[in-house]
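Accompanying notes for the structure given below.
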Amino acid sequence: DVHDPVAALERADRGGSLQPKELLSIAGVLRCARNIKSYQAEDDKQTILDPLFGGLVANKYLEDRIFGSILSEEEIADTASSALADIRRHMRIQSAKIRDSLQKVISSPAYSKFLREPIITIRQGRYVVPVKSECKNDVPGLVHDVSATGSTYFVEPMSAVTANNALRELEIKEKKEIEALKI
């Protein structure tokens with residue numbers, strides 16, 4: 001499962017950034033090189049491949065750093081940087097605050113009659129509640145989506161707007177931190 005990383009390495013050499021998939025590919029090549037070098041070291045017989053084995057360079061530190069920072073092609077580990085871990089911790093706290101705020105809304109007798117279901121959901125990256133279409137003006141907030149049938153409006157109550165904005169700002173910081181990572 002080794003892929004040719006030459007194009008990615010050339011782009012990195014020119015100062016370009018690499019995608020997680022490319023970094024994982026490089027780490028895979030490093031792991032393969034290390035395994036081949038250790039195989040060669042175990043086998044004391046001389047072969048025609050020895051000069052090729054000798055040209056391989058293993059970098060266990062970089063290999064471990066990449067595999068420890070990138071969980072999959074789509075997910076960077078919290079431990080990739082202390083700043084990223086801090087941002088994600090704040091994101092979890094902020095999400096909990098929003099859910100608590102919306103839980104009060106869906107539990108409130110004043111609003112429960114307007115809701116299609118007493119649940120909290122996400123639309124367009126914002127926490128919202130499903131409101132009956134005929135009651136959409138009874139729940140002050142921003143409409144983010146409408147169901148396919150038109151019977152449900154997904155409303156972000158005004159009480160959650162500031163908290164959702166703060167979460168969105170953290171998501172932007174997270175994205176910038178991931179882009180700035182030097183693995």
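What the table below lists for this structure:
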{"read-out": "Meets criteria (within 27 Å of Leu84 (Cβ to Cβ) and within 35 Å of the chain's Cα centre (by Cα)) for Ser38", "value": "no"}
{"read-out": "Top-ranked residue of the range 69-94 - restricted to ones that are within 15 Å of the chain's Cα centre (by Cα) and small (Gly, Ala, Ser), ranked as surrounded by the fewest Cβ atoms within 10 Å (Cβ to Cβ)", "value": "Ser72"}
{"read-out": "Spans of helices (runs of 4 or more DSSP H) in the range 1-116 with at least 3 residues in contact (Cβ under 8 Å) with a residue 24 or more places away in the chain", "value": "20-42, 60-69, 82-107"}
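Read-outs throughout are calculated quantities, based only on the coordinates presented, and are distinct from any laboratory measurement. Remember, it's a predicted structure, so these values are computed and weren't measured experimentally. Reconstructed Cβ throughout: ideal geometry from the backbone, glycine too, with neighbour counts over all protein chains shown.
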